[in-house]
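Heads up: the structure comes next, in structure tokens.
The values are calculated or read from the model by the stated rules, or taken from the named source; none is laboratory data. Only a predicted model underlies this, so the values are computations on that prediction, with no experimental measurement involved. As a convention, Cβ positions derive from the backbone with ideal geometry for all residues, glycine included, and neighbour counts pool all protein chains shown.
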Amino acid sequence: MTAADIQISPPRNQRGRSGGRAGRAARRSATIHASKADPFKRNMPTYELLDEETLDRLEAHADWILKEIGIEFPGDDEARRLFKDAGASVTGTRVRFDDGLAKSLCATAPATFRMEGRDPASSIVFGADHLVLMPAYGPPFVSDLEQGRRYATIEDFRNFVKLANASPWLNHSGGTVCEPVDLPVNKRHLDMVYAHLRYSTKPFMGSVTAPERANDSIAMARIVFGDAYVDSHCVIQGNINVNSPLVFDHVMTGALKAYARANQSVVISPFILGGAMGPVTQPALLAQAHAETLAGIALSQLVRRGSPVVYGNFLTTMNLKTGAPTFGTPEANLSTFAIAQLCRRMNLPLRCGGHLTASKTVDGQAMQESVSSIMSGLLAGSHVIFHAAGWLEGGLTMGYEKFAADLDHCGMMLTMMAGLKVDAESLAADAYRETGPGGNYLGSAHTLSHFESANYLSDLTDTASFEQWVDDGRLSLEQRSHRRWRTMLEAYQAPMIDPAVNEALLAFMAHRKEAMPDEWH
């Protein structure tokens, strides 16, 4: 069975409810999509912060870290053997690389690759001028205005998958969009992968919390796409977090090897808080992050040459008085620009953070930190934006209202990244001829023909008069966002799936769950 055999449904904006605010929003989204061949493409240049000499120095320091300090690979004899056979020096669990070795081992990783969705129309490209936006990843808590902050459940997980699938501003379903703590730790990955496959047609991430869970995720993808198709196409990803500083534990390398062997994508992501997982100064952290990422990418290529990878990073600051993580800070933003330049030297797709914030609610702090974070990532040249929607409380909470607000801002950012097109139509000579000096251009043929697509129309921004705002209930952005995500869920319709495929997925899940006792930690 291939992706072409899967029954697919019409796009959401063709079959949602036609009336009211939700219908108008859907039609606006359809208009925006129709006006651009691909809304997820960059037509803006990237910002270059550092000169070539400075980049050389950062690369040299990364090489020094790899050679003099090295990277730990505990509990994985195979990984250490692969590195040793490739020319690295191995002492115990420590692997060291001569200058340039790690970078040379990364050379077989593709500069771009395509990732298939269950609906072929949902497939995406990583690298070049393409953009990939996905929800937040990993929060154990969720929050909304009605129920407050609470532990996430599988129902919450499904809700966020549905919201991501319904949105025109996310083209990736994400991975662990929230942690469903109502399910056993060793079995919840099955329900999460099933939710992505059943309630969305967009590309997604599988489990990485144990090698066998990674293999389960890949097996479920094979049920949907077929063995032969998976062997030659990327249909699933794993997010591999480095145990910074300078450690890859056997769980992460085991998952990495599972995805790479299957020719599926991995995102290699150091997680560094300056002053805790590395020195407090940003240049040192840049070199460390680069070294850690190279080591992970090198391992993926030793497992399977040419397997698709993404150069990831999560490099931010912390409050040195309290130890709390901080986001959207000038230091972290500067590092985003620099790490992007190091990635471009590797000619690989780049992952950066999205709407990151330490705030607990959708307030001014959340918006300030979030906008600063995602803006720096996009301007730096990121191809992949993790945590584009929903992130609160330093990643501990997935917020429903934050999700809706972030989606709206994602639309703004994608519209901006599309750039400014200057041609005869946009210069509007006919409008000047028709209207002339002192006229009103609202009624011109040019304005009418571009009325719905000329500007980004926010679903959430309030532009009414004060009196109208009062009459409408004095709703804050958070309250409007609450109304928005509720409307989206009410309008959601599950995409079609081949009944035989669905039955096979459910049977696989039941078999795997019966094969092991529940584990809750």
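Numbers below:
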{"read-out": "Subset of the range 448-488 (residues that are within 26 Å of the chain's Cα centre (by Cα), under 30 Å from Tyr432 (Cβ atoms) and among the small types (Gly, Ala, Ser))", "value": "Ser458"}
{"read-out": "Residue among Val177, Val193 that alone is in contact with a Phe, Trp or Tyr (Cβ under 8 Å, 6 or more places away or on another chain), modelled with pLDDT of 95 or more and in a loop (DSSP other than H, G, I, E, B)", "value": "Val177"}
{"read-out": "Any hit, the range 274-291, residues being within 19 Å of His387 (Cα to Cα) and either touching a Phe, Trp or Tyr at 6+ places or on another chain (Cβ under 6 Å) or at pLDDT below 95 (or both)", "value": "no"}
{"read-out": "Test: Pro245 is at pLDDT 95 or above, assigned to a loop (DSSP other than H, G, I, E, B) and either surrounded by 24 or more Cβ atoms within 10 Å (Cβ to Cβ) or more than 21 Å from the chain's Cα centre (by Cα) (or both)", "value": "yes"}
{"read-out": "Selection from the range 210-266 of residues that are touching a strand residue (DSSP E or B) at 6+ places or on another chain (Cβ under 8 Å) and on the phi > 0 side of the Ramachandran plot", "value": "Leu246, Asn263"}
{"read-out": "Flag if His172 is within 30 Å of His511 (Cα to Cα), crowded, with 24+ Cβ neighbours inside 10 Å and over 13 Å from the mean Cα position of the chain (by Cα)", "value": "no"}
{"read-out": "Residue match in the range 123-130 (condition: out of contact with any strand residue (DSSP E or B) (no Cβ under 8 Å at 6 or more places or on another chain) and either under 30 Å from Ala164 (Cβ atoms) or of a type in the set (D, E, K, R) (or both))", "value": "yes"}
{"read-out": "Which listed residue is touching a residue at least 24 places away in the same chain (Cβ under 8 Å), under 25 Å from Ala389 (Cβ atoms), surrounded by fewer than 24 Cβ atoms within 10 Å (Cβ to Cβ) and in contact with a Leu (Cβ under 8 Å, 6 or more places away or on another chain), from Asp191, Asp182, Asp216", "value": "Asp191"}
{"read-out": "Unique residue being closer than 25 Å to Ala128 by Cβ, touching a helix residue (DSSP H, G or I) at 6+ places or on another chain (Cβ under 8 Å) and in a loop (DSSP other than H, G, I, E, B) when the list is Ala358, Ala388", "value": "Ala388"}
{"read-out": "Output for the range 144-159, where each listed residue is within 19 Å of Arg484 (Cβ to Cβ) and touching a helix residue (DSSP H, G or I) at 6+ places or on another chain (Cβ under 7 Å)", "value": "Asp144, Leu145, Arg158, Asn159"}
